[in-house]
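The values are calculated or read from the model by the stated rules, or taken from the named source; none is laboratory data. Keep in mind it's a predicted model, so treat the numbers as computed, not measured. Ideal geometry is used to build each Cβ from the backbone, glycine not excepted, and the neighbour counts take in all protein chains shown.
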Amino acid sequence: MNGYMGKVLHVDLSKARLRDELLKEEDTRAFAGGSGLAARIIYDMVNPDTDPLGPDNPLVFMTGPLVGTAMPSAGRYSVCALSPLTRIWGESNSGGFFGPELRFAGYDGVVITGCSDKPVWLSIVDRQAQLHEASNIWGHDSYVTQQMVQDALGDQRARVACIGVGGENRVKMAAVMNDHGRAAGRTGMGAVMGSKKLKAIGVRGQARVPLAEPERLKTLVRDVIADLDDGILPRALRLAGTAGTLDALLMYGDMSFRYYQRGDWGNAGNLSGVVMAETCQNRIYACYRCPIGCGRETKAPRYHLDRADGPEAETIFAFGHTMMVDDLQAVIYAGHLCNLYGIDTISTGCTIALACEMFERGIISRADTGGLEIRYGDIAVIHRLTEMIGRREGFGDLLAEGSAVLAERFGVPELAVTVKRLEVPMHDARAFSGMAVTYALSPCGASHMQGDMYAVDMGQCEIPEFGVEYGDRFESSEEKGRIAARVQAWRNLYNSLTLCLYQDIGMEKMLSALKCVSGWDLKAEDLLDMGKRIVTLKRMLNMRRGITRADDALPSLLLKPFKEGGTEGNVPKMDVLLKGAYAELGWDPGTGKPTPETISRLGLESAIRSS
């Protein structure tokens, strides 16, 4: 098959067995790759009782047909499994170079089952896979681990995906780290990897992705790069990284302070990407074949830190604005700690912020925290708690379970700002009503990677072929719900091909790219159906795991209007928005289940039969 290496590596850690399995063309045509193809694989392997931290939970690393080609910003990979944090569908993805290198090593993906009785790491070099004993690597941070695996392979150009101590300790928000500080951070995929005692995967190879029309792809790539040079967002990302959007987001009110309870804060600008570029930046860097270069290497001299990866915007918002910290160097150091331990900055920052709120309300006290006084703005305690989470030490052991468990333990579940038990990221549905649908219906819980309606209504992302165009950001209508559902389908497709969201090439070029790479001659409606098929299969898996219509909701703190800031008192009308979204996706509005007609139209009957 053009666009694919043609096989997936299956690793049974319980029996230390490795085998190759050929990809089925009907699956690639239906689900592309990335999180879509991973969902199709995992759907047949789990049931309502599968323990996310047990040996029967498959962990899938998957690339897509565009990964490792000349297509700009197609350097990502997905990591998927049942999430230990949410107990439903879990997925995350990361940039860098690991995804392309996995394909160059000869594979489109890796499916890992079982559990080793001792720490191991996996090498895949030029189509040859091997398990190695990892006791000497176990216990090291993510940076040291990557270097040790490269040294063991005798090739500093090898790429490594690994866990830090957070993953070893099964911290529920543990990440999979690669290319120094790149992270597949959300939903606790690092904890699944740690539960299997798999410390790292090192890959290296010389193979190349077979292409249907290589010369035509070169022409398309030149056009894509030329378009990027004219774009406002790519230029802003080059100048100031992902945090370069901060000033615009502040204007829209798309940022909540003091654990989602304030709409404005005079010190917020101290953490902008421009300030970071002027005061703390060492250099910029890019992922595989990315002409944008949003990556940042920074420094924090007051913490004796000469080099740190990031922080990305979400890290700044989580450890800065959510916790009322305006010290940029302190936030850089907090992000660095998360990278060392291999834990998600969003879930970690938000859970600590919830602890600040609970302490100030008197819900928890020093007797509960081991003597710690947890206050907004106290960065020394925030740093200490971050390390305690990574080590599961003291009160950090409870925080390592995530926000939902923390709030439930003290009888205030309504305080946890989560959707389906995943911490809400820093784009506020009060500023862009369409984000309410993104969070409520996202297959993995609240994730801005599942549909960027904030970008749509800022004029940064339009798909006219799908009727997705710039609109009223406060609109709560059935049509807005339909649009948000289409955007979610589009982004699920992106996460399956897999492309960076900042590389928004539009429908015409997407169709051309797939034709050049795979030879598929598709229309716009085919891509929309593929995205809906992927979202719907994940929905079917989640409902098998116990998710109901009642879980498609926002937490109460996100439904309280602000008197200050840029949201003008707006609160999304959930019932109206969801009615439109269910209609667009073909899900029953009363139960939230995909209808039999939808399952048939999308060709998902085989998934039902196989389960």
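What to note about this one:
- Residue-level analysis places Val487 outside the set of residues that are touching a Pro at 6+ places or on another chain (Cβ under 7 Å), in contact (Cβ under 8 Å) with a residue 40 or more places away in the chain and among the β-branched types (Val, Ile, Thr).
- Residue within the stretch 270-293 that is aromatic (Phe, Trp, Tyr), touching a helix residue (DSSP H, G or I) at 6+ places or on another chain (Cβ under 8 Å) and either under 27 Å from Ile232 (Cα atoms) or free of Cβ contacts under 8 Å to residues at least 12 places away in the same chain (or both) present: yes
- Listed by position, the helices (runs of 4 or more DSSP H) contained in the stretch 319-427 that have at least 3 residues being buried (at least 23 other Cβ atoms within 10 Å of the Cβ) are 328-341, 345-360, 379-391, 403-409.
- Criterion (touching a residue at least 24 places away in the same chain (Cβ under 8 Å), surrounded by 16 or more Cβ atoms within 10 Å (Cβ to Cβ) and touching a Gly at 6+ places or on another chain (Cβ under 7 Å)) met by exactly one of Gly592, Gly586, Gly580: Gly580
- Number of residues in the stretch 550-567 that are modelled with pLDDT under 95 and surrounded by fewer than 14 Cβ atoms within 10 Å (Cβ to Cβ) equals 2.
- Restricting the stretch 8-44 to residues that are more than 24 Å from the chain's Cα centre (by Cα) and under 15 Å from Ala607 (Cα atoms), the residue that is surrounded by the fewest Cβ atoms within 10 Å (Cβ to Cβ): Glu26
- Residue among Leu59, Leu53, Leu23, Leu37 that is out of contact with any helix residue (DSSP H, G or I) (no Cβ under 6 Å at 6 or more places or on another chain), aliphatic (A, V, I, L, M) and either more than 30 Å from Ala226 (Cβ to Cβ) or not assigned by TED's automatic domain parsing to the domain that holds Leu528 (or both): Leu23
- Any hit, the stretch 11-32, residues being under 21 Å from Asp344 (Cβ atoms) and in contact (Cβ under 8 Å) with a residue 24 or more places away in the chain: no
- Checked against (1) in a loop (DSSP other than H, G, I, E, B); (2) over 25 Å from Leu557 (Cα atoms); (3) touching a residue at least 60 places away in the same chain (Cβ under 8 Å), Leu237 meets all criteria but (1).
- Residue that is surrounded by the most Cβ atoms within 10 Å (Cβ to Cβ), among those in the stretch 508-520 that are under 15 Å from Leu66 (Cα atoms) and not small (Gly, Ala, Ser): Val517
- Count - residues of the stretch 293-310 that are surrounded by fewer than 23 Cβ atoms within 10 Å (Cβ to Cβ) and aliphatic (A, V, I, L, M): 2
- Flag not set for Ala455, criterion: assigned to a helix (DSSP H, G or I), modelled with pLDDT of 95 or more and not assigned by TED's automatic domain parsing to the domain that holds Ile232.
- Within the stretch 137-156, being under 25 Å from the mean Cα position of the chain (by Cα) and within 17 Å of Leu102 (Cβ to Cβ) holds for Gln146, Val149.
- Among residues that are over 17 Å from Ser347 (Cβ atoms), crowded, with 24+ Cβ neighbours inside 10 Å and of a type in the set (D, E, K, R), Lys218 is not included.
- Condition met for Arg392 (at positive phi, at pLDDT 95 or above and assigned by TED's automatic domain parsing to the domain that holds Gly266): yes
- The single residue among Asn93, Asn47 that is under 22 Å from the mean Cα position of the chain (by Cα) and not assigned by TED's automatic domain parsing to the domain that holds Asn339 turns out to be Asn93.
- Per-region count, the stretch 273-287, residues outside any helix (DSSP H, G or I) and crowded, with 22+ Cβ neighbours inside 10 Å: 1
- Residue list for the stretch 257-272, restricted to those being under 24 Å from the mean Cα position of the chain (by Cα) and either assigned to a helix (DSSP H, G or I) or hydroxyl-bearing (Ser, Thr, Tyr) (or both): Tyr259, Tyr260, Leu271, Ser272
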